[in-house]
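A short worksheet on the structure shown next.
The values are calculated or read from the model by the stated rules, or taken from the named source; none is laboratory data. Note that the coordinates shown come from a computational prediction; the quantities given were computed from them, not determined experimentally. Here the Cβ positions follow ideal geometry from the backbone for every residue, glycine too, while neighbour counts run over all protein chains shown. We work out accessible area using only protein heavy atoms, side chains counted, and drop any ligands, DNA or RNA first. Shrake-Rupley method; radii C 1.70, N 1.55, O 1.52, S 1.80 Å.
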Amino acid sequence: MKIHHHPLSGHSHRVVLFASLLGVQHELVEVDLKAGAHKKPAFLALNPFGQVPVLEDDGTVIADSNAILVYLATKAGRHDWLPVDAAGAAAVQRWLSVAAGEVANGPAAARLITVFGAKYRADEVIARAHALLARLESHLAGGDWLAADHPTIADVALYSYLARAPEGNVDLSGYPAVQAFLRRIEALPGFVPFVQTPVGLAAAA
């Protein structure tokens, strides 16, 4: 199994993190975003959208980080991480949609400005991030995890960009329940940290 990734990509990290939590053996293949490797024919043959991560598993190619989480959990038969009952599966899917929507357009976008030099309006994306954090703070006041009474891929999908939100000038200090949630994930066996971006880095992607 190969995971094509970039160490500063939160989408990549959520996949690497979950593979580690499952104890799945894998090879990491770093994609040089600065050199534009993700837009070259060899990579586009794996993912025509030109985005990391991509998973290769014995001839099966899966692009999109949330799809990879679903694939890994399903292949491993880990229904604790991805419930198969209707209500449980829907609860997880709700948060995968949040990861692809509110997280991507809030804390992830704010971080893209400072880390990759993206041309978003900082005030807008930071405001979106705080709106999301306020909702998460309220939700987590009622339980330790997002979609169940135990960790699921929903929690993994949100972790990386929330944990590195301060790199996008999104202050987490006013959200103690969110901070406690992040610490619970970091305490899971097999946890691997999301590398901290060097101060002042603005790489071209």
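Among the residues of segment 153-176, those identified as more than 30 Å from residue 74 (Cβ to Cβ), outside any helix (DSSP H, G or I) and not aromatic (Phe, Trp, Tyr) are 169, 170, 171, 172, 173, 174. Taking first residues from segment 116-140 that are part of a helix (DSSP H, G or I) and partners that are polar (S, T, N, Q), the Cβ contacts under 9 Å between residues at least 6 apart in sequence or on separate chains come to 122/114; 122/169; 125/105; 126/169; 128/105; 129/105; 132/105. For segment 9-27, a residue qualifies if it is among the small types (Gly, Ala, Ser) and surrounded by fewer than 22 Cβ atoms within 10 Å (Cβ to Cβ), and the qualifying residues are 20, 23.
Taking first residues from segment 32-60 that are touching a residue at least 40 places away in the same chain (Cβ under 8 Å) and partners that are open to solvent by less than 20 Å² (accessible area, probe 1.4 Å) and polar (S, T, N, Q), the Cβ contacts under 6 Å between residues at least 6 apart in sequence or on separate chains come to 52/9; 52/12; 53/12; 53/65; 54/47.
State whether the residues of segment 61-79 include one that is modelled with pLDDT of 95 or more, part of a loop (DSSP other than H, G, I, E, B), of a type in the set (Val, Ile, Thr) and open to solvent by 60 Å² or more (accessible area, probe 1.4 Å). Scanning segment 61-79 turns up no residue that is modelled with pLDDT of 95 or more, part of a loop (DSSP other than H, G, I, E, B), of a type in the set (Val, Ile, Thr) and open to solvent by 60 Å² or more (accessible area, probe 1.4 Å). If you filter segment 81-117 down to residues that are open to solvent by 60 Å² or more (accessible area, probe 1.4 Å) and among the charged types (D, E, K, R), you find that the one that is farthest from residue 153 (Cα to Cα) is 102. The set of residues from segment 133-145 being under 18 Å from residue 66 (Cβ atoms) and open to solvent by 10 Å² or more (accessible area, probe 1.4 Å) comprises just one member, 145.
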